[in-house]
Structure formats: C-alpha cells, structure tokens
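Asks: Take this structure, written in structure tokens, and hold onto it; I'll ask about it next.
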Amino acid sequence: MSENFYVTTPIYYINGEPHLGHTYTTVLADTLARYHALAGERSFFLTGSDEHGEKALEVAAERQETPQQVADHYAKIFREVWDTLGIRYDRFIRTTDADHKAVVQSILQTVYDGGHIEFKEYEGLYCVGCERFLTDRDLEDGLCPDHERAPEKRSEANYFFKMGKQFAWLSEFIETNPDFIRPDRYRNEVLSMLKEESGLGGDLCISRPKTRLDWGIELPFDEGYVCYVWFDALINYLTGIGYPDDPDFPALWASAEHLIGKDILKPHAIFWPCMLRAIGLEPYRHLNVHGYWNVDSRKISKSLGNRISPLDMNEKYGFESFRYYLLRDMSFGIDSNFTEESLVTRINSDLANNLGNLVSRTLNMVKRFAEGNVPEPGPIGDLEREVMEVAGRLPEAVDREMRATRCHRALETIFGLVDAANRYLERREPWKVAKQEGGEESVRTTLYTCCEALRITAILLSPFLPLTAAEILERIGQSGELESAQLPQSAQWGGIQVGAATQKGDPLFPRIDLETIGESGA
Ligand code: ME8
C-alpha cells in the first residue's frame, strides 16, 4: 500500500482578503502535497475558512451585513484566489459546512460525556483579535502585541475544557518525540509555555453565552451557549478528511502534517493535542511552524496598507516567480523580510540568469547543432560524470529536505544542478568545439547532457513551479513526462527520449529591470 500524506493550512479568518502571509502557507502546503504525490504517495491537501467567533461579528458590523453574508463573501474570495493561482487543494472546508457542525457537536458531546468539561465562573482578559483569553505574560504594555489593542476584562459563567490535567502527558510526549513540533525553537517555546500554564491550572473556556454571541455552533448539552471559535476551528482538520466514518480517515490522520505560522502555536501545540486525547485520537504527525513575513521590515497590517496581494504579484511578475521567491527566500521557521527589490533580485539571479539561461542556451544550440532534436550522446568524460554525479545525489537530498519541510533547502539543492550544468557548458564550450574538425560528437554529448540535466531539474522542480516545469519539459520534447513521473526513478540519469523534437521558445523568465518596477506592487 502506498504511503499517505495529509497536509493542512490554517483555516483563515474571514476578515479580509488573502495576503502574502496566507499565500506563503498555502503555497507551501500545495508544494508539499505535489511533492508527495510525485513520490507516489496518496496526498490530501486541506485548506479553508474559519467563519465563527466575534471577529466575524465585528466585520459584519463594519460591512453592515450578517455574519453569514460576510462568511460567504470572503470564503468565495479565498477560494477564487487559490483557484486563480493554481493552488490544488483537495477540499476547501468552511466551518459553517453542515458536516463540520455535526462533527463539532458530536465531539463536544463525547468530550463532555468523558468528564473533560466543567461549568464555572471565570474572569479574564479577552482579545477579540486573537479570539482567546490572554495571560498577563502575553501582554506588552497592557496591549496584545499581535493586535496592538487592550484586551477586555470579561467575567461570565462558561464551560471549560479541563486541559491542564493532560499537560504532564503532553510535556512528556513532546520530550520523547523531538520532531513532533518543529523546528526546535518552537518545541522549546511550547515546553516552557506548558510549564507556565500548568501553574495556572490550564483550563480552556470553550463556550460563549448566546446572550453575548450567537454566531457559532450550539453546544449539544446546553442550548444557551455556542462553542468557542478555536475549539470549533481546530476540529476542521478531522472533518476535512471524513471523521469519523470515512474508511480513509485512520490512514490519512496517521499522516497529518499541520502547517502554521508562529502566531497560532499555542492553540495547535497545546489545545489541539489535549483535545485529540480527550476525543480518543492519536496526535497529528508533525506541527510545522514557520516564521513571519514582514514587509519592508514592518509587520503586515491592515492599517499600514502593506498587505501584499498575491493577485497583484501574479499580474506584475507571474505567480510562479512570486511562488519561487516565497519558497526560496524564507528559511523555514525564521522570519523573513519581503521587499520588492529582493523579489526582483531573486527572480533575476535564479530564474532569469541561471535556469532561464540554461534553457535558452541549450535549446539554441540544439537547434543550431543538432537540427532541433535531443541528440544521441557519444562517449562521456570527467566533465559529464561531474554533472551526472550532482544529478545522482539530488533525489535523495531533495527528499530529505522535503520531509523536514525545508523547501528553501530543497530548492537550493535542485539549483545546484542548474549551476553545475551552466558551469559545464562554459567548460565544454560547444559553440567553439562545433567549429572544430570532428567536434560533432562532443557537441552532441554536451547538448544531450544539458537536456538531461534540464529534464531532471524540471521533474524535481515541478512541485515548486508546476507550470515552468511543464514548459521546460515541453520545450525539450518530453511533454508527457509529468503525467507518469514518479520519484526517485524518473529523476534518474538517462531517462530522456533521444531524437525528440525541441522548441526554443521565448525567454522563460525575462530579466526585470529594478529601476522600472516603480512604486511597491502592494
Ligand atoms: O489564525 N507571515 O487565521 P488567520 C507569515 N483562523 N504567515 C502569515 C502571516 C505573516 N505575516 N500572516 C498570516 C487564524 N499568516 C485562525 C486559524 S486554524 C484551526 C485557525 C498565515 O487568518 C500563517 O499561516 O489569522 C498564520 O498562522 C495564518 O496565516 C493566520 O491566519
């Protein structure tokens, strides 16, 4: 039986249009899902929208609409944007979907019947931006640092999930499964959060009285309350793959990889494993936590107007170039700074000068010296062997990085082959050899080597840059290749079809003049 790969993004709030940050996580999930499918696994990619809670009511008041209208509006936009950009999710889940409501209610009842819920009076500081109670330690100068606003003091009778009694188990689980939360810095952060929360009892308020908030899923054991938005939202990861009855559920769940930004570490690293245990399910396989994108060194915020739109980037640079930049420039786990200058520099250096150049030089010469067909190679020498060695190491090296969610390193590794092929061309100088007596065979070998390096590059690049990869394969006459490709076999040296007709085409990535990009594309 083939392996499974289940990847999720956070389900995004319906309080604005997708920006650079949402796009990053979603592109990352798309890339990982495509990679695992290419590796012969059954992959399932879930994304969606988080539609309940007070935030939705705030937006509804601003727009003078009902929360349902707001939810419909933004869920549609998110879906349309992902569709326009070629994001290949398997399900777009909305927390207002009927199956999700039913699953949340049945889980609430199970957890209640299991004795994990109690009713009591509580007073605390609530941030609507985060949709959760904050502790004093979370605040900076009395304000929520993420939303730059003061939380409200709230006191009311509510239902509480007795999460704290699972902290000892959870700490031990995290200690003994070092890559459960990765990279390491976030695992350490969670361990210290757990220590701190234990001192506070660790109960999680999971209800809101309908008198204050009636936009949510009703508690099955008290019709006067709705479910707290985070408790409802996290469960999407189960509904999305057919919990509890779908026969595929157990295998997919056992392979669950959550992708999140560091802002929502606590709900995913603490609330969620405790909830799963109370439900009677195993924890997810990994929590993969990435850093924040800032824009021109400032936090992305509505008020600063720096919420870079993926559609604008698509229009201005083409989505594949933007996608490449996002995946290549963020070291997984660490914050990154978006500037249009760094985007253009990255496109020019890697895509235009390096990859694009290899494609156009190779195909120009195939046309000039081999009648436009992938040539039959002659005997090979040390220089060919060097390129073959670089290519030979790629599938395993890329696989290692991808299984650790380090796309930036995987791309760096793949571009090692592009570098090697460009260097090889410089050393073989087929344009000179072609003029020498008896040089034809050497030229054919050189051009074969470059075409084959391009084929392998394109196959490995296809999860990252699906359109570009397909285009390269088409130009080197191997257009059907991706349909049946499977790693690692398809990336092994020697798979190219000799004699296939190639097409030169226009530059894949025209160089962009930094001077002419003008005002920020945001
Ligand atoms: O938190 N840099 O939704 P949300 C990188 N509904 N990634 C960013 C980012 C940035 N500057 N800004 C946003 C929620 N993101 C909840 C999630 S899940 C059960 C419920 C990305 O719309 C990143 O993935 O605020 C972050 O975790 C997520 O968007 C937050 O999206």
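The values are calculated or read from the model by the stated rules, or taken from the named source; none is laboratory data. Values in this document were obtained by computation on a predicted structure and should not be read as measured data. Note that we place each Cβ from the backbone using ideal geometry, even for glycine, and neighbour counts take in every protein chain shown. Just so you know, the surface numbers come from the protein's heavy atoms only, side chains and all, with ligands and any DNA or RNA stripped out. Shrake-Rupley method; radii C 1.70, N 1.55, O 1.52, S 1.80 Å.
Asks: I'm told Ile334 meets every condition in (1) under 20 Å from the mean Cα position of the chain (by Cα); (2) among the β-branched types (Val, Ile, Thr); (3) under 19 Å from Leu514 (Cβ atoms) except one. Can you identify the failing condition by its number?
Replies: All conditions pass for Ile334, except number (3).
Asks: Follow-up. Counting only residues that are in contact with a helix residue (DSSP H, G or I) (Cβ under 7 Å, 6 or more places away or on another chain) and in contact (Cβ under 8 Å) with a residue 60 or more places away in the chain, which one in segment 395-404 is surrounded by the most Cβ atoms within 10 Å (Cβ to Cβ)?
Replies: Initial filter on segment 395-404 (in contact with a helix residue (DSSP H, G or I) (Cβ under 7 Å, 6 or more places away or on another chain)): 395, 397-398, 401-402.
With the extra rule that they be in contact (Cβ under 8 Å) with a residue 60 or more places away in the chain, the set shrinks to 395, 398, 402.
Numbers: Pro395: 20, Val398: 25, Met402: 23.
Filtering segment 395-404 for residues that are in contact with a helix residue (DSSP H, G or I) (Cβ under 7 Å, 6 or more places away or on another chain) and in contact (Cβ under 8 Å) with a residue 60 or more places away in the chain, the one surrounded by the most Cβ atoms within 10 Å (Cβ to Cβ) comes out as Val398.
Asks: Check off (1) under 24 Å from His36 (Cα atoms); (2) open to solvent by 10 Å² or more (accessible area, probe 1.4 Å); (3) of a type in the set (A, V, I, L, M); (4) within 11 Å of the ligand (Cβ to nearest atom) for Ile264 and give me the number that stays unchecked.
Replies: Unmet condition: (1).
Asks: Scan segment 197-212 and tell me whether some residue there is within 16 Å of the ligand (Cβ to nearest atom), touching a Leu at 6+ places or on another chain (Cβ under 6 Å), part of a loop (DSSP other than H, G, I, E, B) and more than 19 Å from Arg285 (Cα to Cα).
Replies: Looking for residues that are within 16 Å of the ligand (Cβ to nearest atom), touching a Leu at 6+ places or on another chain (Cβ under 6 Å), part of a loop (DSSP other than H, G, I, E, B) and more than 19 Å from Arg285 (Cα to Cα), one finds none in segment 197-212, hence no.
Asks: Which condition from (1) crowded, with 18+ Cβ neighbours inside 10 Å; (2) closer than 29 Å to Pro183 by Cα is the one that Leu358 breaks?
Replies: (2)
Asks: Then there is this: Pairs please, first residue from segment 280-304 and open to solvent by 20 Å² or more (accessible area, probe 1.4 Å), second anywhere and within 12 Å of the ligand (Cβ to nearest atom) and acidic (Asp, Glu), Cβ atoms under 9 Å, 6+ apart in sequence or on different chains.
Replies: Tyr292/Asp263; Tyr292/Asp335; Asn294/Asp335; Lys299/Asp146
Asks: Give the residues of segment 90-116 that are touching a Leu at 6+ places or on another chain (Cβ under 7 Å) and not hydrophobic (A, V, I, L, M, F, W, C), sorted by residue number.
Replies: Asp90, Arg91
Asks: Scan segment 373-389 for residues that are open to solvent by less than 10 Å² (accessible area, probe 1.4 Å) and not in a helix (DSSP H, G or I) and jot them down.
Replies: Across segment 373-389, the qualifying residues are Val374, Pro375.
Asks: Would you please name the residue that is farthest from the ligand (Cβ to nearest atom), looking only at residues in segment 25-60 that are of a type in the set (Lys, Arg) and in a helix (DSSP H, G or I)?
Replies: It comes out as Arg34.
Asks: Next question, about the same structure. List pairs: first residue in segment 3-24 and within 6 Å of the ligand (Cβ to nearest atom), second residue acidic (Asp, Glu) and open to solvent by less than 20 Å² (accessible area, probe 1.4 Å) anywhere in the structure, Cβ distance under 7 angstrom, at least six positions apart or on different chains.
Replies: Final answer for the pair search is Ile11/Asp50; Tyr12/Asp50; Tyr13/Asp50.
Asks: Which residue, of Met313, Met275, is more than 30 Å from Asp245 (Cα to Cα), open to solvent by less than 10 Å² (accessible area, probe 1.4 Å), within 15 Å of the ligand (Cβ to nearest atom) and of a type in the set (A, V, I, L, M, F, W, C)?
Replies: Among Met313, Met275, only Met313 is more than 30 Å from Asp245 (Cα to Cα), open to solvent by less than 10 Å² (accessible area, probe 1.4 Å), within 15 Å of the ligand (Cβ to nearest atom) and of a type in the set (A, V, I, L, M, F, W, C).
Asks: Moving on to the next point. With the checklist (1) crowded, with 18+ Cβ neighbours inside 10 Å; (2) more than 8 Å from the ligand (Cβ to nearest atom) in hand, flag the one item Ala254 doesn't pass.
Replies: (1)
Asks: If I ask for residues that are of a type in the set (Val, Ile, Thr) and over 17 Å from Thr95 (Cα atoms), which ones from segment 7-22 would you list? So that I can check it myself, show each step before the final result.
Replies: Going residue by residue through segment 7-22, those that are of a type in the set (Val, Ile, Thr) are 7-9, 11, 14.
Once the filter is applied, which keeps residues that are of a type in the set (Val, Ile, Thr) and over 17 Å from Thr95 (Cα atoms), segment 7-22 yields only Val7.
Asks: OK, next. Filter segment 432-474 down to residues that are of a type in the set (Gly, Ala, Ser) and free of Cβ contacts under 8 Å to residues at least 60 places away in the same chain and give me whichever is farthest from Ser484 (Cα to Cα).
Replies: Looking at residues that are of a type in the set (Gly, Ala, Ser) and free of Cβ contacts under 8 Å to residues at least 60 places away in the same chain, I get Gly438.
Asks: Listed residues Gly392, Gly416; which is in contact with a helix residue (DSSP H, G or I) (Cβ under 8 Å, 6 or more places away or on another chain), surrounded by fewer than 18 Cβ atoms within 10 Å (Cβ to Cβ) and either at pLDDT 95 or above or β-branched (Val, Ile, Thr) (or both)?
Replies: Going through Gly392, Gly416 in turn, just one is in contact with a helix residue (DSSP H, G or I) (Cβ under 8 Å, 6 or more places away or on another chain), surrounded by fewer than 18 Cβ atoms within 10 Å (Cβ to Cβ) and either at pLDDT 95 or above or β-branched (Val, Ile, Thr) (or both): Gly416.
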